[in-house]
Each structure stands twice: as structure tokens, then as C-alpha cells.
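The values are calculated or read from the model by the stated rules, or taken from the named source; none is laboratory data. Bear in mind the structure is a predicted one, so any value in this text is a computation, not a measurement. Every residue, glycine among them, receives a Cβ derived from its backbone with ideal geometry; neighbour counts consider all protein chains shown.
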Amino acid sequence: MLSFFKHIAARLWLTVLLGGGASLWVLPSFQDRIGLQWTPLPVVLIMMAAFSLIGWVSNRWGLSTVERLIYEAGVFERDSMVAEAENRFRRALAVFDSFLISPVARKQKAVPLRARVARFYLARASKSDAAEKFLVAYLHTNPQDEEVAESWIEHIESRGGLREEHQELAYLIGRAQPQNKTIQPILARYYLMLERTDFPALQTYRRALGADQKVHAEFFNNLALLFLQERRADEWALEIYLKAIEKSDQRPAILRGIAACVRWISLGERNKQLLQQAYAHLEGIDPVDIKKMSAGFKPPVQTSDKRDAQRSFQKRASFFKTAGAVLQTFYEDVTAAPMWVFRLVQTGTRRALQSTRSRRVFAGVLLAGLAIAIVFLVINTVAHLVKTEKPVARKAEKAPEVITDPFTLQVAAYLKPTYAQKYVEKLKERGLDAYWREAISANKKWYQVRVAHFADKKSARDFGASLKARGVIDDYYVANYIAPSK
């Protein structure tokens, strides 16, 4: 935005200087022919021509300078003169940040240059702080650049892994590269280190496990412990528990998770083999003990109409896609209209000004409009100078809302308040009444994310099931409503 104002300001100043000089030089020869009353018209035309010409010259100069600097940088890079190549790249970027190049040309040409510079920095074995900042800034605006994103992720992983300040960038890259088999496992390990169980993190775990790569037993073990901490007892959790129990040193805890899954999951053709493996691990344990082992776990919510909801969502997505194409066509037609309107007005004006009478009428209309504008400005100025104080109506203070509903939905819990705040903001963007509160459990302070409040448990379960079916949340359970912490 700053470069836009610099470009426009420079063009306006040059237009005033050059256009004003040209007007003073040209107008004396036209004044006797067109009369004093028509003098402003050629001045406006000269100014418009000067503004356009200055923009064209400025663009050509700036773009040719950038092309020359990029060529020189490429020569230096091939000759292993890294410092000289970096200097040329930085000078090319500085030209784009100056007033020379217009915003339209900058938008078209700056992205390829930034991509080239990003690849230049990634090719270097050692990276300075400036290079690291540039790569992070580039990926924030272009996370869809798979080559740069994958190389940067691997570089950060080799230097000790992603850090907390990379959370937002990691989310952008993960959303833009859902099928990348290198990026998703790295992000999954990063989210697992942070003990994240929100929807983006769970989707990343699924993608990492679905990639055609061997998953280490440590990953299964850590994910199983995270699910145990969340008291999950669904089919996916059971699959993770079964894969982790063979090489885990937390076998008793994982066995409790398997017992909870066996108790709460209904047998079907899809999960028959999975439950058979679970029963094999629980062989010899009394059913009463299995029930005791599963205490505290959350039963999964059965949604029979989940498939219908997905089909409905696909139909809505298809409808919006078609509507978007229609709107785009309409927009293209509308944006093309001003050129035709301009030509029509130009032709009509030229014909209207051919006669002396038409010119007099046109001049009278302009003078009348100018007089009306001056009168309006004078009245408006006087009205602002002479103000009468009006009594200020006191707003009736609204009594604070008293919530008597005893139940709410808990959809996530974090060990850090920033994660809870971000998830609450994301849910609020979806139109949900989300909030978070602090709670102490197992000598740890948790930041629980909760949604809405309900008069009975059935209403809460129905609402939670609908959110889960739509993919808004990953899981939930009904809790007692307590006023939010903030």
C-alpha cells in the first residue's frame, strides 16, 4: 500500500511539473482559436496525457532495470559469487518497492521475482537472518508454492524442527499442501509435540498416517497417549491404540483405551476385524473389569445421517461453484461496459460541440453546476461553524444477560491459552457462540473451549452431532455450563 501511494504521488507531482510547463507553452497558440472559456479543456487533456505518459515511461524504466538486475544475479549465481548475486536480487526487489513500477505491473511481476529469490536462498547451505525472514514472509503470501514450502519445511526440520512462532505459517502450508507426503508427516510431528487435538491437527494426523511412508512406532505411541489424555473411544482411536500397544511402555494405559473402545463401539462389518484384534488383547479379562477400565472415557456419537449430510454438502458446494461461474461471467461483462460507455460519451460530446449553440449550452450547464457546488459548500461550512448543542439522549443501560441453561458442549482442551483463543476465534467466524475457560485437572491447568449453552442434554447432543457431521468440530461431550473465564 505504501508503494502504491509513492507511485501515485510521484506521478502526480511530475504531471503537475511537466504538464503545467507543456500547458504554458502550448496554450497561447490555442487561446485565440478556442477562446478563454474553453482553455481548461486542453489543460485537462494535456494533464491526462502527461499522467499516462509518465506512468508508461516509469513502468518501462523500472521493469527494464529489474530484468537487467535479475540477469546479472543469474550470472553471478552460476559463477558462485553469492554475495554479488544476493546484492542484485535485493536491488531488484527494492525497485519494486520504489515509486517506479505501477501497482498493476507490480502485482504481475513481483511474485515471480520473489519466487526466484526464495529458491536462491533455499539453495544456500547457510542462511542469514535476512534470508530466513524473507522465506517466511514469502511463504505467508504464497503457501501454495509446493517446491519452496517443502524445501523450507525440510530445512527447518533438519535444524531442530518447527518452533512455536511457526504455527500460523505451518497451518497455511498444511492447508495449501494437503497431499504432500513430505510436508504432512513433519507437520503431524510438530502438532503432536504441541499436544494439539483441534480439527486442523487431527486432519494432519490422518494425512500423515495415510501417506505411503513408514510411520515410526514412536509416532503411534505419542498419538495414542494424546488420545488417552483426551479420553477418546472411537474407531480411529482404537486403530491407533492397537498399533501403539505392541511397542509401547504404557501398555496398561493403552489397554484401558482399548477396553473403552470395545465397550462403546457398536459391532459392524466395517469394524469387525478391528474389534476382533481388540478382544484378543482383552482376552481373559472379566467384563466387569473391562467396564471399570473404561470409566472416564467418552463414548462416540453415532450419526446415522452422516452420509446424507455429506451428500447434501457436496450438492451445496456444486451449487455455489455454478453460481460463482455465473457471477464471474456477469462481472466480466460489467467491467467491459465502461469502455463502451466511454466511447459513446466521447462520440456524443464531439457531435454536440460542433455547433456554437451547443457549446454555449454546455458552458452554461457547467457554470450552473459550479455555482450550485459553491453554494452547497458555503452552506455546509456555515452549518459546521454555527453549531447548536443538542441534548444528548442517554442510552438505557441494558441489564446483563443471565444464562440459566445448565449444559454446554466442550469441543477441545489445550495446555496453552493462545491455542484456545485461536480456536475460539475460528469457531466464532463460523457463527458459533464459543468461549474458553480455565480448569485444573491432574495437577495441570487446562484451557477448555466450549460452545453455546442448552436447557437439556438432548438439545446439546443434537447440536454437537450436527456440528460433527458438518465437519465443524472433531468431537465433543456435554458438560455443565460455567461462565467463561474471559
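Criterion first (under 30 Å from residue 96 (Cα atoms), part of a helix (DSSP H, G or I), at pLDDT 75 or above and within 39 Å of the chain's Cα centre (by Cα)) does residue 9 satisfy it?
Answer is yes for this residue.
Does residue 134 meet the test of being crowded, with 18+ Cβ neighbours inside 10 Å and more than 24 Å from the chain's Cα centre (by Cα)?
Against the criterion (crowded, with 18+ Cβ neighbours inside 10 Å and more than 24 Å from the chain's Cα centre (by Cα)), residue 134 does not qualify.
Can you pull out the residues in region 227-261 that are out of contact with any Pro (no Cβ under 9 Å at 6 or more places or on another chain), charged (D, E, K, R), outside any loop (DSSP other than H, G, I, E, B) and under 25 Å from residue 446 (Cα atoms)? Spell out how you get there, then give the answer.
Let us first name the residues in region 227-261 that are out of contact with any Pro (no Cβ under 9 Å at 6 or more places or on another chain), namely 227-231, 236, 238-259.
Next, only the ones that are charged (D, E, K, R) stay: 230-231, 239, 243, 246-247, 249, 251, 256.
Now narrow it down to the ones that are outside any loop (DSSP other than H, G, I, E, B): 230, 239, 243, 246-247, 251, 256.
Listed by number, the residues that qualify are 230, 256.
Conditions first: (1) under 18 Å from residue 122 (Cβ atoms); (2) not in a helix (DSSP H, G or I). Residue 195 passes all but one, so which condition is the exception?
(1)
Output yes when any residue across region 113-128 is modelled with pLDDT of 85 or more, closer than 24 Å to residue 150 by Cα and outside any helix (DSSP H, G or I), and no when none is.
yes
Do we have residue 77 as of a type in the set (Asp, Glu), under 27 Å from residue 153 (Cβ atoms), surrounded by 13 or more Cβ atoms within 10 Å (Cβ to Cβ) and within 31 Å of the chain's Cα centre (by Cα) here? Outline the logic, then answer.
Values: of a type in the set (Asp, Glu): yes; under 27 Å from residue 153 (Cβ atoms): yes; surrounded by 13 or more Cβ atoms within 10 Å (Cβ to Cβ): yes; within 31 Å of the chain's Cα centre (by Cα): no.
No; evaluated as a whole, the condition is false for this residue.
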